[in-house]
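The values are calculated or read from the model by the stated rules, or taken from the named source; none is laboratory data. Since the structure is predicted, the reported quantities are computational estimates derived from the model, not experimental observations. Heads up, the Cβs are rebuilt from the backbone with ideal geometry, glycines too, and the neighbour counts pull from every protein chain shown.
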């Protein structure tokens, strides 16, 4: 039993921490793929950056459209890494995570706060000019990613498993599955429409990049081996019951946390919404993919996750 | 290691002839065994620790309420046992008097009828809360936590500069400074019998529980903070963690059926004691400032009914008013029949005609303060102000003379402070913390604030001050 405001703070701390890591990872993956395909297919490299901007919107409307690929890449890199004005930049998310952590610091441990604070302070010292160098950019973002991982590790190793912990993990889980679905929603139309016959290695690079963006390329290989069949990849990222970033796993995790939060009492409204969604995901499979029903289904999942967030905010935070 | 000798006034470490005082000898020999590089390396470690642990305060008026590290100087201030003993006795005498005074002015007002202090000095203050007349807080305690500012004059005498009876802050830095120093310069502490201070949060919690209305049960204590943008937020959060109690904001609390509750994810829970770190005026929009978003509507009624205790009690601020301060020696005599153990700074009161005339004529020698403000805001340092500045200030003073007091500039004591690779004398003060619960406890230590700018007299953190670890030595055995 904790204060509603503290639960709210921990939930958002979990969401922002997860979002910061997602953004950092996708920036790294996008930059790598863009570099790989640049000489072969500039339009594709451009597509990748545009997709990333669709996954994490929040770029100022008046921003001059970057005409050149280099311009687009540089603007996206800056915007999504350290731009303090961009609501989806790694820096912004880390700052929000830290602000929330500061406002509920009595509910955390020193280890958690110090790791988060150090990671934030380190990124704070980066500036646009330094990050213009791709090698420096990679090393800075990788270091931030490591810092986030050690914060998550400190949460795992030092926090009491009370209601506060559950709200933190709930925020993390909901943000993760939500972002996975958004990524798929943005990327799938072009991926599915692409003609594999034309340029096979490029075709596979994009699917591989999708898996890496969801940090589950190795996990996929362990199930399906190195062969990247689109239908297998889809099956995996949507319905795999074990990989942490599949949609099915994510929805089940959200449900699990909500069940534990509402322990004892009747199932809460948010647990009911996400419970139905998790059940759908457990019983769906290949047929959706074959029938070409994936995109409407993803829209449905996004809507239900949104409803879950709204319901839990009302029930637990009184907002 | 280079020591820069003090030019004037009393130095904590070196006497008039430049010799180190006996209780600093061991520290100096340890410091002199370090090379310049050692010290610099340790100082970098110290900065990093402060930054990473987020030991900060917030500066108002800057963008987003900028978080700043509270500068720390590693040369500790050492107070020998006999000196501390007399300080402690004087502080106990003062907090006892402050409480008797508060109980009196909110009840019989005997001290006003007996003309120990002019009635208008007390009753006209905005800190005097008329709606609380006749209300006695639990256990008759008004000021559970007091921080008294102490300075030393050029003879080394300890003088009281002011009492802080509302929401004195700084104790978190007292504790963090000790942690930091023992981590960065572990060699120091081993050489001295330094009295520990770590149990302050435990003692604070005991003090707060002592006034809980529901006795015999495990009372629910909370800290009420204005929130993350308050300059002392770090301390609020620190004390909540150290005491293991919830840190709440006004919006977390609600009044129902004349009881106070906090909103939780699964229902509400009754609150017994609030250690409030927000000013009286913001506590309850129904009772005081209507525009307060920080407070809890109806809180004062719950307090009135005795269903919640507030520490410090609302209305206690009148006791640390700078005009009331001038009458403390008389009040101590009146209530306790004793002479004041700690001297204080002579004070001229703006509302007295003769005093005001004196202030106006000697503005270039006086420090003028507004009675209500704290934190070094709104003051005039006469000796350092330009003539034009003094004129403007005087014109403002004339509009409301009762709002001002003036004191001669006291030459604060100096203490060697590590600045730019050398040990330079810088002015310091001392804020000990006193708890009033089942008995009165003085924390053996305190916040030594240091004016880091050369020649400066202003030690407030909002004005470029830093702090030092403060050691009170245990009495020698036998």
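If the condition is being under 19 Å from the mean Cα position of the chain (by Cα) and not in a helix (DSSP H, G or I), then the range A:217-241 contributes A:240, A:241. Could you tell me whether the range B:46-54 includes any residue that is modelled with pLDDT of 90 or more, out of contact with any strand residue (DSSP E or B) (no Cβ under 6 Å at 6 or more places or on another chain) and more than 14 Å from chain A (Cβ to nearest Cβ)? Yes, there is a match, as at least one residue in the range B:46-54 is modelled with pLDDT of 90 or more, out of contact with any strand residue (DSSP E or B) (no Cβ under 6 Å at 6 or more places or on another chain) and more than 14 Å from chain A (Cβ to nearest Cβ). When the range A:155-196 is examined, which residues are found to be surrounded by fewer than 17 Cβ atoms within 10 Å (Cβ to Cβ), free of Cβ contacts under 8 Å to residues at least 60 places away in the same chain and within 14 Å of another protein chain (Cβ to nearest Cβ)? Once the filter is applied, which keeps residues that are surrounded by fewer than 17 Cβ atoms within 10 Å (Cβ to Cβ), free of Cβ contacts under 8 Å to residues at least 60 places away in the same chain and within 14 Å of another protein chain (Cβ to nearest Cβ), the range A:155-196 yields A:158, A:160. Of the helices (runs of 4 or more DSSP H) contained entirely in the range A:253-319, those carrying at least 3 residues that are under 25 Å from residue A:184 (Cβ atoms) and out of contact with any helix residue (DSSP H, G or I) (no Cβ under 8 Å at 6 or more places or on another chain) fall at A:269-283, A:294-312. Screening the range B:77-187 for helices (runs of 4 or more DSSP H) wholly inside it with 3 or more residues that are modelled with pLDDT of 95 or more returns the ranges B:81-105, B:110-113, B:171-184.
Among the residues making up the range B:315-354, those that are free of Cβ contacts under 8 Å to residues at least 40 places away in the same chain and assigned to a helix (DSSP H, G or I) are B:329, B:333, B:353, B:354.
State whether the residues of the range B:333-344 include one that is within 16 Å of residue B:458 (Cβ to Cβ) and touching a helix residue (DSSP H, G or I) at 6+ places or on another chain (Cβ under 9 Å). No, the range B:333-344 contains no residue that is within 16 Å of residue B:458 (Cβ to Cβ) and touching a helix residue (DSSP H, G or I) at 6+ places or on another chain (Cβ under 9 Å). Out of the residues in the range B:355-380 that are modelled with pLDDT of 90 or more and surrounded by fewer than 17 Cβ atoms within 10 Å (Cβ to Cβ), which is nearest to residue B:410 (Cα to Cα)? Filtering the range B:355-380 for residues that are modelled with pLDDT of 90 or more and surrounded by fewer than 17 Cβ atoms within 10 Å (Cβ to Cβ), the one nearest to residue B:410 (Cα to Cα) comes out as B:365.
Considering each residue of the range A:140-153 in turn, at least one proves to be under 21 Å from residue A:6 (Cβ atoms), surrounded by fewer than 24 Cβ atoms within 10 Å (Cβ to Cβ) and away from every other protein chain (no Cβ under 13 Å).
Within the range B:224-237, if we keep just the residues that are surrounded by fewer than 23 Cβ atoms within 10 Å (Cβ to Cβ) and at the interface with another protein chain (Cβ under 9 Å from one of its Cβ atoms), the residue that is farthest from residue B:52 (Cα to Cα) turns out to be B:227.
Close contacts from the range B:190-212, counting a first residue that is assigned by TED's automatic domain parsing to the domain that holds residue B:146 and a second that is surrounded by fewer than 15 Cβ atoms within 10 Å (Cβ to Cβ), with Cβ to Cβ under 6 Å and a gap of 6+ residues or different chains, come to B:193/B:474; B:195/B:474; B:210/B:438; B:211/B:139. When the range A:39-48 is filtered for residues that are free of Cβ contacts under 8 Å to residues at least 40 places away in the same chain and surrounded by 16 or more Cβ atoms within 10 Å (Cβ to Cβ), the ones remaining, listed by number, are A:45, A:46. Do we find a residue being in contact with a strand residue (DSSP E or B) (Cβ under 8 Å, 6 or more places away or on another chain), in contact (Cβ under 8 Å) with a residue 24 or more places away in the chain and farther than 30 Å from residue B:47 by Cα anywhere in the range B:413-431? No, that holds for no residue. If a residue must be assigned to a strand (DSSP E or B) and buried (at least 23 other Cβ atoms within 10 Å of the Cβ), how many such residues does the range B:423-434 contain? Number satisfying all stated conditions: 8. Residues that are within 14 Å of another protein chain (Cβ to nearest Cβ) and touching a helix residue (DSSP H, G or I) at 6+ places or on another chain (Cβ under 9 Å) number at least 1 in the following helices (runs of 4 or more DSSP H) confined to the range A:1-108: A:4-37, A:90-103. Screening residue B:19 with (1) touching a strand residue (DSSP E or B) at 6+ places or on another chain (Cβ under 8 Å); (2) more than 14 Å from every other protein chain (Cβ to nearest Cβ) gives one miss only, at (1).
Among residues of the range B:16-36 that are closer than 21 Å to residue B:473 by Cβ, those with a Cβ under 8 angstrom from a residue that is surrounded by fewer than 15 Cβ atoms within 10 Å (Cβ to Cβ), sequence gap 6+ or separate chain, pair up as B:21/B:15; B:26/B:191; B:27/B:191; B:30/B:187; B:30/B:191.
Within the range B:301-329, which residues are surrounded by fewer than 18 Cβ atoms within 10 Å (Cβ to Cβ) and in contact with a helix residue (DSSP H, G or I) (Cβ under 9 Å, 6 or more places away or on another chain)? Passing the criteria: B:304, B:306.
Here residue B:344 fulfils each of the conditions (1) surrounded by fewer than 19 Cβ atoms within 10 Å (Cβ to Cβ); (2) under 30 Å from residue B:385 (Cβ atoms); (3) at pLDDT 95 or above apart from (1). Summed over the range B:193-221, the residues that are touching a helix residue (DSSP H, G or I) at 6+ places or on another chain (Cβ under 8 Å), within 14 Å of chain A (Cβ to nearest Cβ) and within 24 Å of residue B:285 (Cβ to Cβ) give a count of 1.
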